[in-house]
Amino acid sequence: MADPHWRDQGRCTTVGPDVFFVRTRAKAADAIAVCERCPVLLECAETVEASRITSGVHAGVWFGDSAATSGSTVARARQELKALIDDLKSVTHG
Ligand code: SF4
C-alpha cells in the first residue's frame, strides 16, 4: 500500500502554486519538469486519476485553466495520465 504521507515527498511542496496553475499548456513546462523527477509520481498520478481535477498540472499532466478548461482538454489530460500510469507500472513491475 502506498505511503499515506506520499504528498509530503512531492517535489511540488517546494514550488509555488503559480508554477502549477497556468493558463496554457506551453506555460506548464516548468511544472511538468518538476513532476518528471518527482519520487512519488506514480502515487500522485493514481490519486489524480481517481479525482475530478480539471485544472493545473498534476503528475506532469496539464489539465487546463480553471476559468476556461474544455471537456476535450480534460479528456486529453486523462488519456495522457492513463498512459503515464501504464508506463510507470510497466517499469515498476516489468
Ligand atoms: S508528481 Fe508533480 S504534482 Fe504530483 S506530487 Fe510530484 S511534483 Fe507534486
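Throughout, read-outs are computed from the coordinates displayed, never taken from laboratory work. Keep in mind the model is a prediction, meaning the values are calculated, not measured. Don't worry about glycine lacking a Cβ; one is built from the backbone with ideal geometry, like all the others, and counts go over all protein chains shown.
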Using a Förster radius of 35 Å, what is the FRET efficiency between D3 and A68 based on their Cβ-Cβ separation? Nearest 0.05, please. 0.50
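Let me spell out the model: positive unit charges on the Cβ of Lys and Arg, negative unit charges on the Cβ of Asp and Glu, origin at the Cα centre of the chain. What dipole size does that give, in debye rounded to 20? Working shown, then result.
Working: 11 positive and 12 negative charges, 59 e Å.
Value, rounded to 20: 280 debye.
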Starting from the amide H of H58, placed 1.01 Å from N in the peptide plane, find each other amide H under 5 Å away whose residue is 5 or more places distant or on another chain. F63
Using the Karplus equation 6.51 cos²θ - 1.76 cosθ + 1.60 (θ = phi - 60°), what ³J(HN,Hα) coupling, rounded to whole Hz, does each residue of segment 22-29 give in order, writing x for Gly and Pro? 10, 7, 10, 4, 4, 7, 7, 4
Relative to the compact-globule estimate 2.2 N^0.38 Å (N residues), the Cα gyration radius of segment 11-93 stands at a ratio of 1.02
Whole-Hz ³J(HN,Hα) for each residue in segment 70-80, computed from phi via Karplus 6.51 cos²θ - 1.76 cosθ + 1.60 with θ = phi - 60°, x for glycine and proline: what do you get? 8, x, 5, 5, 5, 4, 4, 4, 5, 5, 4
Distance between modelled label sites at A83 and E49, nm, 7 Å Cα→Cβ extension: 1.5
